[in-house]
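Structure record follows, encoded as structure tokens.
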Amino acid sequence: MSELILQCQQVSKHFGGLVALNHVDFDVSCGEVVALLGDNGAGKSTLIKCISGVYRPEQGRIIFDGKDITGHAPSEIRDSGIETIYQDLALAENLDVGANVFLGKEKTRRLFGIPVTDDEYMRREAAKVLDRLDIHIPSLKQKLVNLSGGQRQAVAIARALYWNARLVIMDEPTAALGVPEQRKVLALVRSLRDQGIPIILISHTMQDVMEVADRCVVMRRGRVVANLPKGEYDVEVLVKHIVGAGEMSAAS
Ligand SMILES: Nc1ncnc2c1ncn2[C@@H]1O[C@H](COP(=O)(O)OP(=O)(O)OP(=O)(O)O)[C@@H](O)[C@H]1O
Ligand SMILES: [Mg+2]
């Protein structure tokens, strides 16, 4: 087993009386793609929000690269190398591709002593990283609002790579995309993995999961109910865990 980069130990999170996470243990090793599966409301997004610092768990610990990051601020967690890409991406619609790769960390230069954003530099750097990912966006001067869903995902992934993310979390990255764009995003997931970056992928699309995951973790009602390496699952097995084998046989 390779080195663990992320360890969630006994993580619990409640919303009022609702137990969204119930003593969840969840690990990611260096270089692997872990699919996080589960029915609606299983607790997947809540878990990744605890990892990315959006929520603070009431119990348990989250260790990243040997450091306890439990309850740290989202910006601190991002700076430590965890990049989270949500379906409703936190990108700036009215800025161009370069500016979005640099979002929050804009490069400036001085013009007559006054700091201005160095758009050319940011576009040049963005072009290099997009190239590394084999992504072709016709003009990097395009505002994000004019890009397709898949191209936006690509920009978010490029940003993660540019800032040396050491773990990328994707919450349903292909949910809103057409089939060709889904293919491209999956190719990007592979490309990130080939560069040695571990990924947590949340998806309801079994085909995506089967294609890219090295391991599947299934959650149900706030608990982890299965942890299956490649070769130990197929669609049928995953669906059984997702819906609960007991409930399935009771229903049939
Ligand atoms: N901010 C919140 N306030 C109250 N309840 C919440 C909040 N966020 C999530 N929940 C509840 O916690 C449970 C887990 O939700 P979560 O969003 O983690 O599920 P999920 O597995 O991501 O589902 P989906 O596949 O539908 O995205 C659900 O019952 C949800 O209603
Ligand atoms: Mg969710």
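Points worth noting:
- Counted residues, segment 198-220 - those being away from ligand 1 (no atom under 16 Å from the Cβ), buried (at least 20 other Cβ atoms within 10 Å of the Cβ) and not β-branched (Val, Ile, Thr): 2
- When Val168 is tested against the conditions (1) in a strand (DSSP E or B); (2) out of contact with any Cys (no Cβ under 8 Å at 6 or more places or on another chain); (3) over 25 Å from Lys143 (Cβ atoms); (4) among the hydrophobic types (A, V, I, L, M, F, W, C), the lone failure is (3).
- Candidate set: segment 41-64, residues that are on the phi > 0 side of the Ramachandran plot and within 17 Å of the chain's Cα centre (by Cα); chosen: the one nearest to ligand 2 (Cβ to nearest atom): Gly43
- Applying the criterion of being crowded, with 18+ Cβ neighbours inside 10 Å and touching a residue at least 24 places away in the same chain (Cβ under 8 Å) to the residues of segment 221-232, the residue that is farthest from ligand 2 (Cβ to nearest atom) is Val224.
- Within segment 41-66, the set of residues being among the aliphatic types (A, V, I, L, M) and either modelled with pLDDT under 95 or not in a helix (DSSP H, G or I) (or both) comprises Ala42, Val54, Ile62, Ile63.
- Sub-6 Å Cβ pairs linking a first residue in segment 36-49 that is in contact (Cβ under 8 Å) with a residue 24 or more places away in the chain to a second residue that is assigned to a helix (DSSP H, G or I) and near ligand 2 (Cβ under 8 Å from one of its atoms), at least 6 apart or interchain, are Leu36/Lys44; Gly38/Lys44, ordered by first then second residue.
- Among (1) modelled with pLDDT of 90 or more; (2) away from ligand 2 (no atom under 16 Å from the Cβ), the one test that Ile202 misses: (2)
- Of all residues in segment 67-101, those satisfying the criterion of being at pLDDT 90 or above, assigned to a loop (DSSP other than H, G, I, E, B) and within 30 Å of Glu125 (Cβ to Cβ) are Ile69, His72, Ala73, Ser80, Gly81.
- Residue count for segment 10-40, restricted to those that are farther than 16 Å from Tyr55 by Cβ, away from ligand 2 (no atom under 16 Å from the Cβ) and either small (Gly, Ala, Ser) or part of a strand (DSSP E or B) (or both): 7
The values are calculated or read from the model by the stated rules, or taken from the named source; none is laboratory data. Quick caveat: nothing in here was measured; it's all calculated off a predicted structure. Neighbour counts run over all protein chains shown; Cβ positions are idealised from the backbone, glycine included.
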